[in-house]
Amino acid sequence: MTYKYDLHSHSTASDGALSPTELVIRAKAQNVTALALTDHDTVSGLKEAIETASLMEINLIAGIELSTTWKKRCLHIVGLDIDPNSKILLDGLERQQNIRAERAKTIALKLEKKGIKGAYEAVVAASKNGMITRSHFANFLLKENHVSRGQEAFDRYLGDGKPAYVTTIWAELNDAINWIQQAGGVAVLAHPLRYKMTASWMRRLLVEFKAMGGEGIEVVTGRSSKEDIRISSNYAKKFELAGSVGSDFHTPKNQWIELGRFPQLPEGILPIWERFD
Ligand code: AMP
Ligand code: MN
Ligand code: MN
Ligand code: MN
């Protein structure tokens, strides 16, 4: 049997459009053999995903995507093969969720100053378990016809430097890696090219990330071009990190991103799944 890993995806437990069950069914239909559910700062979708996966003969890897702050930058760290019941991890997630709740109030106030009312109530109602992301705000702005596309919500209101942007201090990178390790998982730097860092900043980051216990880097994502994969592969090799692959699937409405649909991990890079227990 040929294995097809997809180690980065989202459900309605954070900002995905599909329930954990729907996501697993879709992954199976796309011939994915091992799917990691990696919702933003929550493990609340994992139980359902694991139950559905066990009925469908697909391997479900418990995961998470943590928002972290490193030298004033926001970096996403994917944790794979974690124990969702780890006390240290759950304590950390409670802190992240408090940060998200406070941030949501501030975003809503900023939108109100722009004449947009009712955002807070709407995102609270739309989020399954109080896990509010900017995607929830984007959906609200779209639904209320303040914007005509989701991307426009980020470009006009929610993106970095825009009127409703809130500078957020997330978990320290070091703490986030620690939580993942204490939960028995491996820490992976998500979508490394999306931070738009210079080569020298990437070097600083990857040296520190490794020293802190980070083990992997996403080499292939659902949006990677050939050139992106070449650059990310070089980072993996140079800094001796294992390589991960994942679509970062959020919604069937985005026809460019599909579960399991991306090029294979290039030869010569240690696959992160060889580090799983
Ligand atoms: P948050 O973690 O609350 O800041 O929300 C970030 C989420 O919003 C990401 O995981 C993406 O799903 C989405 N997002 C961030 N930036 C953009 C963008 N420029 N366009 C569309 N979606 C975005
Ligand atoms: Mn997201
Ligand atoms: Mn991310
Ligand atoms: Mn993601």
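The values are calculated or read from the model by the stated rules, or taken from the named source; none is laboratory data. What you see is a predicted model; the values in this text were computed from it and never measured. All Cβ positions, glycine included, derive from the backbone under ideal geometry; neighbour counts span all protein chains shown. Accessible surface areas use protein heavy atoms only, side chains included; no ligands, DNA or RNA. Shrake-Rupley method; radii C 1.70, N 1.55, O 1.52, S 1.80 Å.
So the values come out like this:
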item	result
Those residues of region 112-122 which are open to solvent by less than 10 Å² (accessible area, probe 1.4 Å) and assigned to a helix (DSSP H, G or I), in sequence order	119
Filter result for the condition that a residue is at pLDDT 95 or above and over 21 Å from the mean Cα position of the chain (by Cα), over 143, 71	143
Matching residues in region 1-24 - criterion: being free of Cβ contacts under 8 Å to residues at least 60 places away in the same chain and under 23 Å from residue 126 (Cα atoms)	11, 19, 20, 21, 22, 24
Among residues of region 75-95, those that are within 14 Å of ligand 3 (Cβ to nearest atom) and either over 19 Å from residue 219 (Cα atoms) or outside the structural domain of residue 35 (by TED's automatic domain parsing) (or both), counted	0
Residue selected from region 61-74 under the condition farther than 24 Å from residue 259 by Cβ and either touching a strand residue (DSSP E or B) at 6+ places or on another chain (Cβ under 7 Å) or not assigned by TED's automatic domain parsing to the domain that holds residue 196 (or both), by the criterion surrounded by the most Cβ atoms within 10 Å (Cβ to Cβ)	68
Of residues in region 16-60 being open to solvent by 30 Å² or more (accessible area, probe 1.4 Å) and of a type in the set (Asp, Glu), the one nearest to ligand 1 (Cβ to nearest atom)	22
Qualifying positions in region 173-184 - at negative phi, open to solvent by 10 Å² or more (accessible area, probe 1.4 Å) and in contact (Cβ under 8 Å) with a residue 60 or more places away in the chain	175, 178, 179, 182
Conditions (1) within 16 Å of ligand 3 (Cβ to nearest atom); (2) touching a strand residue (DSSP E or B) at 6+ places or on another chain (Cβ under 8 Å); number of the one not met by residue 193	(2)
The listed residue being touching a Phe, Trp or Tyr at 6+ places or on another chain (Cβ under 6 Å) and at pLDDT 95 or above, out of 265, 241, 259, 205	259
Selection count, region 123-145, where residues are open to solvent by 60 Å² or more (accessible area, probe 1.4 Å) and not in a helix (DSSP H, G or I)	4
Complete set of residues in region 86-101 that are among the aliphatic types (A, V, I, L, M) and either open to solvent by less than 10 Å² (accessible area, probe 1.4 Å) or under 9 Å from residue 131 (Cα atoms) (or both)	89, 93, 101
Extreme residue, most open to solvent (accessible area, probe 1.4 Å), among residues of region 211-268 that are under 22 Å from residue 35 (Cα atoms) and β-branched (Val, Ile, Thr)	251
Region 1-26, residues that are within 13 Å of ligand 4 (Cβ to nearest atom) and more than 23 Å from residue 100 (Cβ to Cβ)	6, 7
First in region 82-103 and under 16 Å from residue 14 (Cα atoms), second anywhere and crowded, with 20+ Cβ neighbours inside 10 Å and modelled with pLDDT under 95, Cβ under 7 Å, 6 or more apart	97/131; 100/131
Checklist (1) touching a residue at least 12 places away in the same chain (Cβ under 8 Å); (2) surrounded by fewer than 16 Cβ atoms within 10 Å (Cβ to Cβ); (3) not assigned by TED's automatic domain parsing to the domain that holds residue 202 applied to residue 109, failing item	(1)
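This table checks each residue for (1) free of Cβ contacts under 8 Å to residues at least 12 places away in the same chain; (2) aromatic (Phe, Trp, Tyr); (3) outside the structural domain of residue 16 (by TED's automatic domain parsing).
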residue	(1), (2), (3)
149	yes, no, yes
166	no, no, yes
219	no, no, no
224	no, no, no
237	no, no, no
